[in-house]
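So the structure is just underneath, and the comments pick up after that.
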Amino acid sequence: MRVGRDQSRILLVAACVGAALAGPQLAAAKEKQQPAPQWALDAANIPTPASVGDASAVILFDEYLITVDEQNHAVERERSAVRILKPQGREYADCETEYDVDEKLNYFHSWTIEADGRQMQAMDSDFADVGAYGDADMQATERFRILKPPGSDPGAVVTCESEVHLRPYMSSEDWQIQAPIPFVNEALELALPPGGHYADSWGHFTPVKPIETANDHLRWEINDVPALDLENLHATPPWEALAARMTVTWGDLAVKGADDQWRAIGLWTDQLEAHRPDPTPEITAEAQQLVAAAPDLYTRLSRITSYVQKNIRYFVVEKGIGGMQAHYAGEIYRNRYGDCKDKTTLLISMLQAVGIRAYYLHVNSERGVIDPAAPSLIGNHMITAIELPDGESDPRLLARVKTATGRTLLIFDPTDEETPMGLIRGELQGAYGNLADGPDSQVLRMPVLPPQSATLNRKGSFVLTADGTLNGDITDVFSGVDAAREREILKEKDTKEVRQGLEESLSSDLPSLDFKGFEFHQTADLDQPVTLDLHVSNSSYAHAAGPLLLLRPRILGDDAQPVPEVMESKVRPYPIEIGRPGNYPGHWRDSFDITLPPGYVVDETPDPVDVDTDFASYHSLTTAKGNVLHYERDYVVRQVEIPPEKAADFRKLESAILFDEKGSAVLKKQ
């Protein structure tokens with residue numbers, strides 16, 4: 001079971017999307033059954049503590065031993081034991097390990113010890129080898145060896161042992177000390193060469209001091225770690241952003257103090273990518289031609305960033321250190337493809353060719369995974385930080401941040417082909433990244449953009465008939481991050497799939513929908529809004545109640561967040577992510593006009609809604625003038641998440657949104 005160790009390099013390759021099988025030495029075990037080793041028998045005898053509660057499985061024992069030689073190359077052994085408590089706990093007993101061209105798997109064994117003491121050793125047929133990625137745009141040599149253990153019924157204990165030569169260029173490991181099920185006993189041992197040194201950093205866990213079991217041999221022990229189970233919680237940060245972990249480093253990265261550790265990581269990245277962005281004559285000529293006669297900095301930046309977005313296909317060919325190290329800019333330019341590191345490298349090169357400095361920024365594709373208090377290489381994505389001149393104040397350059405030395409950097413992701421320069425998508429807003437800038441390397445918090453960075457202005461004109469049928473046309477105008485999300489949908493889906501998605505979305509508000517059609521406009525130019533025209537009809541939208549007609553003025557849209565545990569006033573231990581899907585600030589407006597059927601007037605309208613908090617505001621108003629019922633709504637989100645202490649304000653906001661979305665107007669005959 002590989003829940004304890006986090007694979008930073010695998011993560012970096014995987015999110016930049018977004019080998020042949022090894023030989024006989026990878027055999028799990030000889031076909032002749034061998035008895036379980038003593039450590040496995042001892043682990044299986046550990047009683048299940050009452051504290052595990054209703055868990056489906058429990059990790060009785062999980063131990064890592066990292067042995068480092070004089071060249072700072074390391075071998076890692078893992079031993080684990082999981083007791084299955086319920087049928088659904090079988091998934092936690094599946095063991096796996098990773099190997100690659102330069103991460104050699106020495107052995108991988110497993111035994112199942114049933115409740116009555118009988119033993120079953122996993123045989124070759126119980127193991128499978130699979131590629132690390134299934135994406136057609138990713139060609140990588142990483143492999144996973146996966147075990148489906150025999151006899152994994154409730155009451156059984158599945159024990160696994162593996163040993164791997166870690167990649168020779170890596171000198172850190174992330175120890176995941178929390179899982180979706182409880183731990184009873186876990187440990188990490190670090191055996192250093194004589195005079196070797198280490199550093200550790202802890203995230204979401206009180207640091208534990210190691211025991212020195214021998215000279216240069218350290219052991220960290222942790223007992224009774226509760227599960228991090230988010231299954232029944234809503235609007236939480238990602239699991240990896242909340243789970244406890246420890247990072248241990250050795251060799252040159254092993255420095256003390258968070259700031260110095262981040263600086264060491266940035267220096268390591270700089271060394272790894274040294275001279276990779278050096279511009280070739282072809283790159284220089286291309287970049288200078290792009291910016292020729294550009295009237296301002298924004299145009300210069302936009303032309304170069306757009307070139308990399310549109311002309312360099314995202315495609316990964318990784319082998320060994322290539323999962324961490326970019327290709328040379330000249331190769332990327334000639335080949336016209338690359339991954340996140342490559343696209344960043346070429347962008348840095350082209351900007352350098354026109355006198356603009358830019359840097360590597362190592363981030364994670366999910367907000368909160370990189371913890372500024374816990375330095376690590378856990379990030380899985382590489383983007384670009386572009387240095388802006390002092391005093392540059394173009395309002396379109398919103399994704400800017402100040403460094404500790406007072407410089408202004410513009411954050412840009414060249415792999416995001418739908419978001420214009422000056423903005424970043426929601427998942428990156430408010431997240432942290434490590435800036436590689438030599439001695440000035442540091443951890444940076446990326447900006448949370450203002451609401452005007454993502455807007456939707458929706459206008460609808462409808463006609464209601466006396467039998468309750470509603471016919472109308474809606475125009476949505478998306479800008480900024482909202483427009484980027486629409487472009488991404490259009491890129492990934494064909495016309496039939498887009499229509500189906502729109503129809504499903506509209507049907508949640510108009511259950512008797514007759515979808516007449518749709519048209520998108522202005523989808524190519526990233527700097528322009530995206531417009532969507534919708535044509536709909538809905539029978540029985542208004543419901544008769546004797547001589548009255550009842551209808552909902554809020555015809556389209558659902559902004560209420562399903563966070564039942566918060567709405568029920570249960571104790572909330574974690575932050576609450578807010579806003580629309582993607583959780584980013586924005587400003588969304590609706591304006592609907594409903595022409596009433598002849599002979600009807602408005603008898604009653606819902607009460608107006610006015611809620612203002614520091615993180616969001618919501619206002620709506622329904623009015624009547626002549627034979628037209630008018631509804632308008634204004635929703636602003638200013639943050640990406642709020643602390644649990646603001647749960648009461650969140651309930652107030654969500655209650656108001658629900659009230660508004662369900663409110664009815666009453667029509668009566670004159």
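The values are calculated or read from the model by the stated rules, or taken from the named source; none is laboratory data. What you see is a predicted model, and the numbers here were worked out from it, not measured in a lab. Positions of Cβ are backbone-derived with ideal geometry, glycine not excepted, and every protein chain shown enters the neighbour counts. Ligands, DNA and RNA are stripped out before the accessible areas are found, and what is left, the full protein with its side chains, is counted by its heavy atoms. Shrake-Rupley method; radii C 1.70, N 1.55, O 1.52, S 1.80 Å.
In this structure, ILE348 does not qualify as among the hydrophobic types (A, V, I, L, M, F, W, C) and surrounded by fewer than 22 Cβ atoms within 10 Å (Cβ to Cβ). Restricting attention to region 110-120, the residues being assigned to a strand (DSSP E or B) and surrounded by fewer than 21 Cβ atoms within 10 Å (Cβ to Cβ) number 2.
State whether one or more residues within region 649-663 are farther than 25 Å from LEU428 by Cβ, part of a loop (DSSP other than H, G, I, E, B), out of contact with any helix residue (DSSP H, G or I) (no Cβ under 6 Å at 6 or more places or on another chain) and not hydroxyl-bearing (Ser, Thr, Tyr). Yes; the residues of region 649-663 include at least one that is farther than 25 Å from LEU428 by Cβ, part of a loop (DSSP other than H, G, I, E, B), out of contact with any helix residue (DSSP H, G or I) (no Cβ under 6 Å at 6 or more places or on another chain) and not hydroxyl-bearing (Ser, Thr, Tyr).
From the list VAL82, VAL68, VAL75, VAL58, which residue is at pLDDT 95 or above and more than 30 Å from PRO226 (Cα to Cα)?
The unique qualifying residue is VAL68.
LEU242 satisfies every condition listed in (1) aliphatic (A, V, I, L, M); (2) open to solvent by 20 Å² or more (accessible area, probe 1.4 Å); (3) within 25 Å of the chain's Cα centre (by Cα); (4) under 23 Å from ILE411 (Cα atoms) except (4).
When SER540 is tested against the conditions (1) open to solvent by 30 Å² or more (accessible area, probe 1.4 Å); (2) under 27 Å from the mean Cα position of the chain (by Cα), the lone failure is (2).
Go through region 76-85 residue by residue and tally those that are open to solvent by 10 Å² or more (accessible area, probe 1.4 Å) and under 30 Å from the mean Cα position of the chain (by Cα). Write out each step before concluding.
First, pick out the residues of region 76-85 that are open to solvent by 10 Å² or more (accessible area, probe 1.4 Å): 77, 79, 83, 85.
Retained after the next criterion (residues that are under 30 Å from the mean Cα position of the chain (by Cα)): 77, 79.
Number satisfying all stated conditions: 2.
Scanning region 569-619 for residues that are among the aliphatic types (A, V, I, L, M) and either open to solvent by 10 Å² or more (accessible area, probe 1.4 Å) or modelled with pLDDT of 95 or more (or both) yields VAL571, ILE576, ILE594, LEU596, VAL601, VAL602, VAL609, VAL611, ALA616.
Being surrounded by 24 or more Cβ atoms within 10 Å (Cβ to Cβ) and either touching a Pro at 6+ places or on another chain (Cβ under 8 Å) or not in a loop (DSSP other than H, G, I, E, B) (or both) narrows it down to one residue among LEU449, LEU423, LEU398; which is it?
After applying the criteria, what remains is LEU449.
If you go through region 520-537 and keep only what is under 17 Å from THR475 (Cα atoms) and either in contact with a His (Cβ under 9 Å, 6 or more places away or on another chain) or open to solvent by less than 50 Å² (accessible area, probe 1.4 Å) (or both), you end up with PHE520, PRO529, VAL530, THR531, LEU532, ASP533, LEU534, VAL536, SER537. Scanning region 287-309 for residues that are surrounded by fewer than 18 Cβ atoms within 10 Å (Cβ to Cβ) and more than 33 Å from the chain's Cα centre (by Cα) yields GLN288, GLN289, ALA292, ALA293, ALA294, PRO295, ASP296.
Right, TRP239: farther than 26 Å from GLU427 by Cβ and aromatic (Phe, Trp, Tyr) or not?
no
Among the residues of region 377-395, those that are open to solvent by 10 Å² or more (accessible area, probe 1.4 Å) and either assigned to a loop (DSSP other than H, G, I, E, B) or basic (Lys, Arg) (or both) comprise ASN380, PRO389, ASP390, GLY391, GLU392, SER393, ASP394, PRO395.
Considering only residues in region 95-106 that are open to solvent by 40 Å² or more (accessible area, probe 1.4 Å) and touching a strand residue (DSSP E or B) at 6+ places or on another chain (Cβ under 9 Å), the one that is nearest to GLY151 (Cα to Cα) turns out to be GLU96. Taking strands (runs of 3 or more DSSP E) as the structural unit, those lying wholly within region 195-285 and holding at least 1 residues that are closer than 30 Å to ASP437 by Cβ and modelled with pLDDT of 95 or more correspond to 198-203, 245-250.
Okay, residues lined up against (1) modelled with pLDDT of 95 or more; (2) outside any strand (DSSP E or B); (3) out of contact with any Lys or Arg (no Cβ under 6 Å at 6 or more places or on another chain); (4) open to solvent by less than 10 Å² (accessible area, probe 1.4 Å):
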site: LEU621; (1), (2), (3), (4): yes, no, yes, no
site: LEU629; (1), (2), (3), (4): yes, no, yes, yes
site: GLN639; (1), (2), (3), (4): yes, yes, yes, no
site: GLU645; (1), (2), (3), (4): yes, yes, yes, no
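Whether a residue is of a type in the set (Lys, Arg) and either open to solvent by 80 Å² or more (accessible area, probe 1.4 Å) or assigned to a helix (DSSP H, G or I) (or both) was assessed, and ARG458 does not pass this test.
Looking at ARG83, ARG118, ARG90 in this structure, which one is basic (Lys, Arg) and farther than 12 Å from ASP153 by Cα? Checking each option against the conditions leaves just ARG118.
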